[in-house]
Amino acid sequence: MKKIAVTTITAVFIIIIFFYFGVFSPLKDELENSLQHNFLNKVSINEVSIENRFDRYIEGTKSLSSRTMIKNKLNSYYNNQITFDELHNYTQSKYVDGVKALDNILAAYRITKDNKIVAQYGEVNLEKIESSFNEKSSQLEIYFIEDESLVIINSPIINDNGEKIGNDIAVFDLKQFMQSLNSNNIKYEIVYDERTINYSLDQESQVVEYRKILNTNYWLKAVESKSDLYDSLDSITTRIVILFSVLLISFLLIFYRIIKSNFNKIITELRSKIEELNKTKNLLENLTNQVPGALYQFQSKSNNNYIFSYASQGLRELFSVKLEEAKESADKIFSKIHDDDYEDLINSIEKSKKNLTTWDKIFRVKLPQQKLKWLEGSAQPEKLDDGEVLWHGYVKDITERKNEKDELETQHQFQKSLANVSSILVNLSSDNFDQKIDQALEEIGQFFDIERIQIFK
């Protein structure tokens, strides 16, 4: 269950990472780019509108300055052909008619070279705006008064000889238009000279775009706060996150129900398998315990030690050693080996380990308060991946068989010795009595392993 929980958490984490970097983040970037592009499109549209108005204001003012009749009258004044009053009376009405044809016009003034007002329209005080233009300039000039959103066009009046004979000053009202532009989230203003623009400061919490207005030193500045610009994006991303969360929770619930519905079944099947394995294990243990002797697995270790990684109950009976002790170390087993057989036994194990040959050995063990036992063992070695060797073997008690064999050999040797003594005694005579008796006694001594036998007459 713990592995399932870890796997589920890992899968959820991977899904979240994939969703964020593979879906959410690219989608968010795309939406941000789309909103910024939309912002720039709106600025471009309003930039064109501003420039169109400036174009109309410029062309309208230039048309006033180029009207032939009143321009020629002004030229006649400079040639001293008419008086100033005659010029004023002739120009005023015609000038006003021309001014009224212009859109958004607030005021207009025709000024002579010597700064006299020939004609005027509107109620804007000339003294209020005269600091905003240079009446001596021979080039058309554009000025903007930011506080009141006034556009001032200074158009020189040029006669047929190319001489400047006056100026037309037109004042246009851009306030209503700027208010209409600023009715939405994007705020516009007209600023002077690009050198005064601080791009880094403007970009901190808002999106800013600057567009130059025609061939002037004025710029249209468009500003929208990032919170307003990305407000729809925040709403969309919030809905996406909510939808993803709902889908993820739904997936987890479905996954949980599937796991829950199958968990008991899996646990039941596992318990059944475990019970079957335990039964099989018990059966094998019972069978191995019924086999005379002991089945075992004997393993070498890197520290030149040996252990019995597995042993049936018979090992305890053969060596009087607890199985737990044998699993920790084989030293307790080795300590039971007869001294005369110990070295040969160890050498045989080392040889089997080195050559991976079958180990077969008959040896004796000495146990406290018990007679000497003869044991016979056989095992097949197997090289492990770590370089160590594992023997699969069997050991059994052959003491009874060994004793029976020794008794038969003793009887056979006794009969042979008896036959030899009889053969010697048959040829006994007075001449060879001592010799034959010595031969018979020597034969008997060899059988009983006695160094000397003396017979007294």
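The values are calculated or read from the model by the stated rules, or taken from the named source; none is laboratory data. Only a predicted model underlies this, so the values are computations on that prediction, with no experimental measurement involved. Cβ: placed from backbone, ideal geometry, glycine included. Neighbour counts: every protein chain shown.
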Cross-chain or 6+ apart pairs with Cβ under 8 Å, the range 6-23 first and modelled with pLDDT under 75, then surrounded by 10 or more Cβ atoms within 10 Å (Cβ to Cβ): Thr8/Leu252; Thr8/Phe255; Phe19/Phe244
Qualifying residue in the range 68-79 (condition: buried (at least 18 other Cβ atoms within 10 Å of the Cβ), within 28 Å of Lys175 (Cβ to Cβ) and among the aromatic types (Phe, Trp, Tyr)): no
Selection from the range 161-192 of residues that are free of Cβ contacts under 8 Å to residues at least 40 places away in the same chain and either acidic (Asp, Glu) or outside the structural domain of Glu123 (by TED's automatic domain parsing) (or both): Glu163
Scope the range 63-94; condition charged (D, E, K, R) and either closer than 12 Å to Ile165 by Cβ or in a helix (DSSP H, G or I) (or both); matching residues: Lys71, Lys73, Asp85, Glu86, Lys94
Subset of the range 43-57 that is crowded, with 17+ Cβ neighbours inside 10 Å and of a type in the set (D, E, K, R) - its residue that is farthest from Phe144 (Cα to Cα): Glu47
Residues of the range 318-376 satisfying the condition of being touching a residue at least 40 places away in the same chain (Cβ under 8 Å) and under 18 Å from Phe308 (Cα atoms): Leu318, Phe319, Ser320, Ile349, Lys353, Val365, Leu375
Residue match in the range 82-95 (condition: assigned by TED's automatic domain parsing to the domain that holds Ala170, more than 22 Å from Gln139 (Cα to Cα), touching a Leu at 6+ places or on another chain (Cβ under 8 Å) and not β-branched (Val, Ile, Thr)): yes
